[in-house]
Every structure is written in C-alpha cells, then in structure tokens.
1. Could you please give the count of residues in the stretch 240-261 that are more than 16 Å from ligand 2 (Cβ to nearest atom) and either part of a loop (DSSP other than H, G, I, E, B) or of a type in the set (Asp, Glu) (or both)?
2. Out of curiosity, is residue 251 of a type outside the set (Phe, Trp, Tyr) and either closer than 17 Å to residue 189 by Cα or within 16 Å of ligand 1 (Cβ to nearest atom) (or both)?
3. Given the criterion buried (at least 22 other Cβ atoms within 10 Å of the Cβ) and touching a helix residue (DSSP H, G or I) at 6+ places or on another chain (Cβ under 9 Å), identify the matching residue among 310, 275, 280.
4. Give the residues of the stretch 466-477 that are touching a residue at least 60 places away in the same chain (Cβ under 8 Å) and within 22 Å of residue 144 (Cβ to Cβ), sorted by residue number.
5. Of the conditions (1) touching a helix residue (DSSP H, G or I) at 6+ places or on another chain (Cβ under 8 Å); (2) part of a helix (DSSP H, G or I); (3) away from ligand 1 (no atom under 13 Å from the Cβ), residue 302 clears all except one; give me its number.
6. Hey, does the stretch 211-231 have a residue that's within 16 Å of ligand 2 (Cβ to nearest atom), among the β-branched types (Val, Ile, Thr) and outside any strand (DSSP E or B)?
7. Tell me the residue from 274, 266 that is under 22 Å from residue 437 (Cα atoms) and more than 15 Å from ligand 1 (Cβ to nearest atom), please.
8. Residue 280 fails exactly one of the following numbered conditions: (1) within 12 Å of ligand 1 (Cβ to nearest atom); (2) among the polar types (S, T, N, Q); (3) out of contact with any Cys (no Cβ under 8 Å at 6 or more places or on another chain). What is the number of that condition?
Amino acid sequence: MTERKRVIQTGWNLENSYARLPKSFFNIIKPNPVSSPKLIILNYSLATSLGLNGQALQSNDGIAVLAGNQVPKGTLPLAQAYAGHQFGHFTMLGDGRAMLIGEQVMPSGERVDIQLKGSGKTPYSRGGDGRAALGPMLREYIISEAMHALGIGTTRSLAVVTTGEFVVRENQQLGAIMTRVAASHLRVGTFQYVSKWGTAMDLRALADYTLQRHFPAVDAGGNQYLFLLREVIKRQATLIAKWQLIGFIHGVMNTDNMAISGETIDYGPCAFMDTYDPETVFSSIDIHGRYAYGNQPHIAEWNLARFAETLLPLLHVNQDQAVKLAQEAISDFTKLYHYNWLTGMRAKLGIFNEEVQDEELIEGLLSLMQKYHSDYTNTFLSLTFDTRWDVALFGSTEFAHWYELWQERLGRQKEQKASSHQLMRSSNPALIPRNHQVEAALEAAVKQGDYSVMERLLDVLKDPYAHSTEQIDYATLPAISNRPYRTFCGT
Ligand code: AMP
Ligand code: MG
C-alpha cells in the first residue's frame with residue numbers, strides 16, 4: 001500500500017475587502033522576493049487563534065509567505081495610501097515598506113489585517129529602501145506582545161523572519177520582515193489622505209467601510225458619521241489612559257500612527273518610562289518634547305481634531321453645524337480620558353469607590369515620585385506589596401504623611417484590605433519591558449544570534465500580573481548612567 005503524503009494546510013483564509021474600495025486608496029503590489037528567508041520567531045498561540053497551523057507556518061512554504069516570497073492563493077497584496085501630520089507638518093505618506101497581504105477571517109469570524117513590514121519598495125517608498133533591520137522588528141515584536149499582555153489595545157506580532165540580505169543603516173544590518181496583525185490599518189492619516197485628494201464619494205466610501213468594519217453597531221437612522229467620530233474618540237480616550245497608567249511613551253504620535261480601531265500602532269521610538277517625570281522623551285528626533293509622556297493626552301486630542309476635520313462634509317450639510325458637532329465631540333475627549341485615567345489610578349491604589357479628593361491624593365503621590373526621582377512601576381509595586389525599595393521616597397516625611405492619608409482613604413471604603421490588595425495586584429504589573437532589558441535581549445539576538453535572552457523576556461512578559469518569583473529579577477532598575485536612553489525612528 002502506498003503511503004499518501006499528508007499536506008498540512010497552513011490555514012490562510014484571506015479576503016481583500018480593502019481592494020474593493022476606490023482604486024486611489026492603494027496600489028496592488030507584486031512580491032519582492034528575498035534571497036534566503038529564515039524564521040526567527042513565531043507566535044504560536046496567536047497563529048492558533050488566527051486559525052493558522054503553527055507547524056505549517058514553519059515549513060518552507062509557510063516561511064515563504066511570511067517573507068513575501070509567496071502569496072497565499074486568492075489574495076491580492078497591496079500597499080495602502082495615507083497621509084499624515086508628522087510633528088505637526090502635513091505630508092503624503094503610504095506604506096513605504098509594508099504590504100497588506102490580506103484580511104484573515106478567523107475561526108471566530110473576526111477579520112484582521114495581515115501585513116508584512118519590511119517587505120520591499122512600493123510606490124510610496126519615497127527614496128527609502130522598503131526594508132527593515134532585524135533589531136527594530138524584534139523590538140516591535142517584544143513590545144507589542146508585552147502591551148497585549150498588559151491589557152492594552154495593540155497590533156500583534158505573528159512572526160519575524162530574516163531575509164538573508166543586508167540593509168544599510170548607520171552600518172550594515174541583517175534585514176528582517178515582521179508579520180503584523182491588526183484590527184485594521186485604517187489611520188487618521190488614511191482619512192486625511194482621502195479628505196485632501198479624494199472626492200466626496202471617496203470619503204463616504206471610506207467612512208462607510210470603517211463603520212462596517214469596526215463599528216457595526218451603528219444605528220442606520222442616526223447621524224452615522226457623528227457616531228463614528230464619537231466612537232473613535234472613546235477608543236482613543238481608553239487607549240491613551242492605559243498608556244499613561246502603565247508609563248508607555250509612543251514617541252511618534254503623528255496622525256498616520258493613530259489607528260482608527262483604537263489599537264496602539266507603529267512601534268518605532270517607543271519606550272517605557274522608568275523614573276516618573278512627565279517630560280520624559282526617548283526619541284532622538286523629538287527635540288521639543290512634542291511627544292513627551294505628559295503631552296500624550298493633549299496630542300491625542302490634537303490628532304482627533306484633525307480626524308474630525310476630515311469628517312466635516314459628512315457630519316452636516318451646513319458647515320457651521322458640522323463644525324459645532326465636531327467641536328462638541330472633541331471636547332468630550334478630555335473628559336473621557338480623565339475619567340478613564342482617574343478610574344485606573346484609583347485601582348492602582350486599591351480604591352473602589354469615588355471621593356472628590358481622590359485626584360488630589362493621586363497627584364500628591366505623583367509629585368513626590370517626581371521630586372524623589374522614583375521609578376514609576378516599582379513605586380506602585382512597593383505600595384502593593386508593602387515593601388520599601390525606594391529609600392529616598394519612602395524615607396521622606398512627606399511620604400509618611402501621604403501614606404497616612406492613603407491609609408485613611410482606604411479605611412473609608414467598605415472593602416477589606418485583602419480586596420484592595422487584590423485590586424492593586426491586578427492593576428500594577430510585576431514588570432514592564434524595561435529599556436535596558438529589551439536592549440540586552442536585542443543585543444544577544446542581533447550580535448550573537450542568541451535568542452534565549454529574548455525568549456526568557458517574552459516568557460516573563462506573558463503574564464505581567466502573575467507576580468511570580470521569576471518576575472522579581474526583571475523589576476531590577478537599570479544601572480545609573482549619565483547617558484539617557486535614546487530611541488530611533490524608521491529603522
Ligand atoms: P514610521 O515612522 O514608521 O511611521 O514611517 C513613516 C513613513 O515612512 C511611512 O510612510 C513608512 O512607510 C515610511 N518608511 C519608513 N521606513 C521606510 C523605508 N525603509 N523605506 C521606505 N519607506 C519607509
Ligand atoms: Mg507609521
């Protein structure tokens with residue numbers, strides 16, 4: 001009897017709803033093959049939830065798709081057009097080094113974009129090489145997966161492959177392609193592009209597509225486009241509050257890097273804050289601190305105002321009325337953001353109910369943290385476990401006074417101490433991807449081809465609220481250095 005070879009299906013189930021939008025929204029892309037793709041890391045559990053077979057993805061054919069050398073049957077890869085305000089200046093952009101290979105329809109029925117980042121030149125490359133280096137792609141992999149585990153809306157990372165080719169940056173680096181999974185790649189910048197260069201019909205088509213894809217609960221009888229604006233504002237208010245609560249600094253909050261879905265997108269110069277200081281900036285090009293930690297809510301509102309402007313023709317036939325509706329919606333952002341932030345901060349301090357003085361109590365702690373240069377994450381961890389790591393802060397009389405006020409506050413709620421402790425445990429992570437630890441993982445991977453440091457880091461970051469013994473080592477602070485941590489864009 002002859003044994004029939006069993007072919008494992010990868011499970012790609014790709015559609016191209018985006019390609020049904022007006023032709024000016026994208027360019028169909030032919031593969032830009034790379035010489036010798038090698039799989040570096042695969043997100044097995046994400047693959048499974050997408051309906052993909054992890055084993056098949058690791059075969060030569062599976063890797064060929066992740067490298068952009070092969071296109072799964074029945075899909076039309078494309079590069080999306082978009083514009084954006086970069087550091088306040090409006091520019092035409094588009095996928096200059098990425099292609100959307102399609103939308104994977106998951107077993108759950110959900111639809112997500114599958115995008116290859118670093119996949120070669122496109123009509124939007126503007127003189128760039130269309131490629132990416134291994135270090136930055138692994139960095140995005142680590143940080144986006146950490147964000148997901150921290151419970152923060154984000155694009156995900158399915159895999160990173162090296163290309164076998166070199167890219168020229170400040171030196172020669174090994175090229176890599178990351179497979180990014182996103183609710184969609186619709187950006188504020190996509191609306192800006194269509195609003196600036198498209199027709200009224202194009203704009204309506206984009207808005208209708210967005211509603212269908214992300215906000216299907218829309219009431220057909222109401223002002224659907226006002227609903228769209230309000231929902232996007234709500235999602236951003238939720239997202240930015242989570243960034244602030246965890247100490248995440250995106251670094252390049254240009255309008256093209258703000259996703260309509262409410263996911264964090266485009267991990268370029270992002271980094272996590274160690275010492276609490278609202279003025280913290282890591283990005284080497286953010287000279288004026290436009291995207292500093294403390295400025296993120298304000299920038300989000302600014303970006304949303306740009307989004308609202310693109311929708312004006314759809315909001316009302318009368319332009320004054322349209323502006324009024326847009327302004328009302330935008331003014332809700334600060335209220336919604338503040339509410340989310342305050343709720344999150346109460347939880348970080350084990351507080352269940354609301355009292356008007358809570359904000360003063362929270363601000364009191366933050367200003368002491370700033371004064372004593374305390375580590376943001378570890379201060380909350382110390383309060384959770386009643387340890388005293390930071391001698392400067394915890395040894396001060398101001399802190400002793402604050403601590404008394406906090407204990408009194410906890411005493412005024414009906415919940416017991418144990419419940420407060422539980423709430424704090426689940427609101428204050430045991431660890432974040434610390435910059436020095438991410439760098440150590442990348443250095444071992446890129447310089448020595450040793451992926452074990454990264455794998456261990458990814459492992460402890462998987463469940464940041466577990467507070468396991470293995471995680472304790474990762475709460476160690478970086479050695480004091482005179483050189484501030486610096487991050488870079490477009491690498
Ligand atoms: P980012 O800073 O990653 O948000 O990218 C801003 C713009 O620059 C986007 O349009 C990217 O597609 C484009 N871009 C970044 N790196 C490259 C590259 N190596 N080649 C071509 N385009 C790029
Ligand atoms: Mg971008």
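1. Going through the stretch 240-261 one residue at a time, the tally reaches 1.
2. Numbers: of a type outside the set (Phe, Trp, Tyr): yes; either closer than 17 Å to residue 189 by Cα or within 16 Å of ligand 1 (Cβ to nearest atom) (or both): yes.
Here the answer is yes, as residue 251 does meet what is asked.
3. Working: 275 fails: buried (at least 22 other Cβ atoms within 10 Å of the Cβ); 280 fails: buried (at least 22 other Cβ atoms within 10 Å of the Cβ).
Result of the check over 310, 275, 280: 310.
4. Scanning the stretch 466-477 gives a single hit, 475.
5. Residue 302 satisfies every listed condition except (1).
6. If we filter the stretch 211-231 for residues that are within 16 Å of ligand 2 (Cβ to nearest atom), which is where we start, we get none.
Within the stretch 211-231, not a single residue is within 16 Å of ligand 2 (Cβ to nearest atom), among the β-branched types (Val, Ile, Thr) and outside any strand (DSSP E or B).
7. On the way: 266 fails: more than 15 Å from ligand 1 (Cβ to nearest atom).
Selected residue: 274, the only one of 274, 266 that is under 22 Å from residue 437 (Cα atoms) and more than 15 Å from ligand 1 (Cβ to nearest atom).
8. (1)
The values are calculated or read from the model by the stated rules, or taken from the named source; none is laboratory data. Since the structure is predicted, the reported quantities are computational estimates derived from the model, not experimental observations. Ideal geometry is used to build each Cβ from the backbone, glycine not excepted, and the neighbour counts take in all protein chains shown.
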